[in-house]
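A.B. asks: Let me give you the structure first, and then I'll get to my questions.
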């Protein structure tokens, strides 16, 4: 019969005051903060809208005799762009959870 060797190990975990795992040091949290600070998603959506706007206007100008429904479609795309641009301009990046923890320390 072979000898069996048993190795006992211990693991140490660091938790914050609430007893929860600190996720602020993970790569996905840092990536999410980067995306939020650089506003990559809203900028990408604005670029996609600009491309859509360009396609719709070139399509509309190429029509020999546009109908009322086609004109209404173009008006809807242009109006949606105005609304979308207003939302893009008036939004700010969210605060990080580290700032929220500091500001909520006294509440609770």
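A.B. asks: Can you pull the semi-axes for the range 39-92, root of five times each eigenvalue of the Cα gyration tensor, sorted largest first, whole Å?
C.D. replies: 26, 12, 5
A.B. asks: Roughly what would the spin-label model give for residue 80 and residue 47, points 7 Å off Cα along C-beta, in nm?
C.D. replies: Using points 7 Å along Cα→Cβ, the separation is 2.0 nm.
Values quoted throughout were computed directly from the atomic coordinates according to the rules given, and no laboratory measurement underlies them. No experiment lies behind these values; they were computed from the predicted model shown. In this analysis, Cβ positions are derived from the backbone assuming ideal geometry, glycine residues included, and neighbour counts consider all displayed protein chains.
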